[in-house]
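Novice: The structure's right below; bear with me while I get my questions together.
The values are calculated or read from the model by the stated rules, or taken from the named source; none is laboratory data. Predicted, not measured: the structure shown is a model, and the values here were computed from it. Positions of Cβ are generated from backbone atoms using ideal geometry, with glycine treated the same way; all protein chains shown enter the neighbour counts.
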Amino acid sequence: MCLHHEVELGIIIGKKGRYIAEEKALQYVLGYLVALDITARDIQYKAKKNGLPWTIAKGFDTFAPLSDAVLKEKAPHPQKLDLILKINGVTKQNANTNQMIYSVESIISFISEIMTLERGDLILTGTPEGVGELKEGDILEARLGSLCTLTVDVKQG
């Protein structure tokens, strides 16, 4: 299996909401975390080529490790957070949430138009450039600014 890393901001929903206006979206946030969205790229490409749903490439056990959560009060400006991923001590992804295509508020608003958001729901916001392959034995360190860190050891099986 060909595994790729994607560091992402996670948004934890704090209360139930539907059709949430962008200007009120942060009122529905409980907190944030840093996540690793792992993808089996070979399975994804094969599924796409055959016109099949490719979400299976992200659904294997251990494919979405998460850091501890940080309450939103510790991060009052979610569009000013550094997202960093180091593999074996080498920086592979380094961006700020101010570079996101869509703001936290617009993501929450858009999703709430499709489905009701419930307390405890987790939204992963997408990854900055620098996605790459993982190998067995790699040590990943993902950070959301100075707020939280996630360390993962890549193991086979």
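Novice: From the list Ala21, Ala35, Ala64, pick out the single residue that is at pLDDT below 95, of a type outside the set (Asp, Glu) and out of contact with any Ser or Thr (no Cβ under 6 Å at 6 or more places or on another chain).
Specialist: Answer to the check: Ala64.
Novice: Here is a further query. Could you say whether any residue in region 19-31 is under 23 Å from Asn96 (Cα atoms), touching a strand residue (DSSP E or B) at 6+ places or on another chain (Cβ under 6 Å) and assigned to a helix (DSSP H, G or I)?
Specialist: yes
Novice: Taking the condition of being buried (at least 16 other Cβ atoms within 10 Å of the Cβ), aliphatic (A, V, I, L, M) and part of a strand (DSSP E or B), how many residues in region 118-157 meet it?
Specialist: Count: 7.
Novice: With respect to Gly17, is the statement that it is closer than 26 Å to Leu144 by Cα, surrounded by 14 or more Cβ atoms within 10 Å (Cβ to Cβ) and more than 20 Å from the chain's Cα centre (by Cα) true?
Specialist: So Gly17 passes the test.
Novice: Something else now. Based on this model, can you work out whether Asp68 counts as within 16 Å of the chain's Cα centre (by Cα), acidic (Asp, Glu) and surrounded by 19 or more Cβ atoms within 10 Å (Cβ to Cβ)?
Specialist: no
Novice: Which pairs do you get when a residue that is within 20 Å of Gly10 (Cβ to Cβ), found in region 129-156, comes within reach of a residue that is assigned to a strand (DSSP E or B) and among the charged types (D, E, K, R), reach meaning Cβ atoms under 6 angstrom, with the pair 6+ apart or on two chains?
Specialist: Gly130/Lys92; Glu141/Lys86; Gly145/Asp82; Thr149/Arg143; Thr151/Glu141
Novice: So which residues in region 88-111 are of a type in the set (Gly, Ala, Ser) and under 21 Å from His77 (Cβ atoms)?
Specialist: Ala95, Ser103, Ser106, Ser109, listed by residue number.
Novice: Same structure again: Six or more apart or on different chains, Cβ atoms under 9 Å: show the pairs whose first residue is in region 61-82 and touching a residue at least 40 places away in the same chain (Cβ under 8 Å) and whose second is among the aromatic types (Phe, Trp, Tyr) and buried (at least 17 other Cβ atoms within 10 Å of the Cβ).
Specialist: Ala69/Tyr32; Val70/Tyr32; Leu71/Tyr32; Lys72/Tyr32; Lys74/Tyr32; Ala75/Tyr32; Pro78/Tyr32; Leu81/Tyr32
Novice: Mind listing whichever residues of region 93-117 are touching a strand residue (DSSP E or B) at 6+ places or on another chain (Cβ under 8 Å), surrounded by fewer than 17 Cβ atoms within 10 Å (Cβ to Cβ) and not in a loop (DSSP other than H, G, I, E, B)?
Specialist: Asn94, Asn96
Per-residue answers, yes or no, for (1) hydrophobic (A, V, I, L, M, F, W, C); (2) under 18 Å from Glu141 (Cβ atoms); (3) touching a strand residue (DSSP E or B) at 6+ places or on another chain (Cβ under 9 Å); (4) not in a strand (DSSP E or B):
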{"site": "Lys48", "(1), (2), (3), (4)": "no, no, no, yes"}
{"site": "Phe60", "(1), (2), (3), (4)": "yes, no, yes, yes"}
{"site": "Phe63", "(1), (2), (3), (4)": "yes, yes, yes, yes"}
{"site": "Glu73", "(1), (2), (3), (4)": "no, no, yes, yes"}
{"site": "Leu83", "(1), (2), (3), (4)": "yes, yes, yes, no"}
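Novice: Between Glu6, Glu22, which is more than 24 Å from Asp138 (Cα to Cα) and either in contact (Cβ under 8 Å) with a residue 40 or more places away in the chain or of a type outside the set (Val, Ile, Thr) (or both)?
Specialist: After applying the criteria, what remains is Glu22.
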